[in-house]
Amino acid sequence: MDIQSIPAADRVELSNQSKEEVLQQFATPDIPFEVKFCFQPLVQHIQSLKDSEDQAEAFLVNHILTRLEEAPELAQPIEDMSIIERYNDIAELFMLFLFPPALRDKMMAKVMKPYGLKPLYETPLLHKLWHQNRMKYTIDTSTNVFKFNRTIPACVAILNEFYGQEIDLEPPIFVMVEHEDCKLPKHYRIQLNNDFVAIKKLKPLKPLSQEQINHLLSNIYDTDLWLQYIPPENFAFHGMVIGYMSDITEVESLSRIKFSLLERDAVTKPD
């Protein structure tokens with residue numbers, strides 16, 4: 001998808017702003033569900049690998065689990081972020097597991113709480129991109145990802161987890177970054193990994209028929225309707241989300257060239 005070809009109404013342009021100001025542009029009200037940052041889903045995954053046949057992986061995994069015994073708070077939902085600062089060396093081991101040092105300087109990734117925007121960790125390359133001066137960010141909103149708040153995707157995740165649905169409501173986000181000193185813009189694709197998010201059932205499930213679920217999907221922007229069927233006090237989201245940003249400049253450039261050639265051919269081709 002060529003961002004420059006997207007109608008202006010479906011683009012958001014941000015120039016010379018700090019990371020905090022950029023994030024503020026997309027800030028939506030907090031979702032009504034309980035949301036807490038938590039390493040526990042990641043810890044469970046790490047525990048599943050403690051007998052790995054890969055010796056290097058097994059060494060790192062068992063070292064993390066041994067160190068975690070010193071900080072049981074890190075295995076619980078975290079509300080006070082100073083806890084992470086207190087055990088920063090152990091938190092860094094978690095990041096080492098997620099982002100190997102040999103690849104870290106080439107990856108653009110961040111870790112956030114579920115349905116959050118502010119990163120708790122970002123790789124050096126992403127940090128550098130965010131903090132460059134004289135940059136303009138153009139974000140494609142045509143996929144509707146920014147046209148409704150995060151409550152609906154949270155409800156969809158609940159439908160997938162507890163009601164046997166397989167609904168994909170997390171379209172990729174496309175970003176174009178322009179530097180004032182460079183004529184060629186860079187294109188990126190952002191994807192979110194929710195593998196380390198656990199949805200907790202706090203109360204018995206409210207029965208939902210497929211007809212009712214289809215009714216919800218037919219009213220995708222009606223937040224009040226969704227919350228009638230999926231009461232927020234019944235569920236909680238604990239864990240962490242990983243956001244990956246990949247450079248698709250070459251693909252986008254080729255796409256633009258092909259589109260331009262096809263358009264030119266359509267104009268010059270005789271009837």
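Somewhere in the range 263-270, is a residue modelled with pLDDT under 95 and among the aliphatic types (A, V, I, L, M)?
Looking through the range 263-270, at least one residue is modelled with pLDDT under 95 and among the aliphatic types (A, V, I, L, M).
Looking at the range 59-86 only, could you name the residues that are among the β-branched types (V, I, T) and either in contact with a Leu (Cβ under 8 Å, 6 or more places away or on another chain) or within 18 Å of F97 (Cα to Cα) (or both)?
V61, I64, T66, I83, I84
Could you grab me the full set of residues in the range 77-136 that are among the polar types (S, T, N, Q) and farther than 21 Å from I46 by Cβ?
S82, Q132, N133
Restricting attention to strands (runs of 3 or more DSSP E) lying wholly within the range 189-256, give those where 2 or more residues are of a type outside the set (A, V, I, L, M), under 30 Å from L120 (Cβ atoms) and modelled with pLDDT of 95 or more.
By residue number, 197-201, 235-239.
Considering only the range 169-217, how many residues are farther than 20 Å from F33 by Cα and either without any contact (Cβ under 8 Å) to a residue 40 or more places away in the chain or of a type outside the set (K, R) (or both)?
So the count comes out to 25.
For the range 34-67, which residues satisfy the criterion of being more than 23 Å from the chain's Cα centre (by Cα) and closer than 17 Å to V111 by Cβ?
In the first step, residues of the range 34-67 are kept if they are more than 23 Å from the chain's Cα centre (by Cα); the result is 47-67.
Passing the criteria: only I64.
The values are calculated or read from the model by the stated rules, or taken from the named source; none is laboratory data. Since the model is a prediction, treat every value here as computed from it, not as a measurement. Every residue, glycine among them, receives a Cβ derived from its backbone with ideal geometry; neighbour counts consider all protein chains shown.
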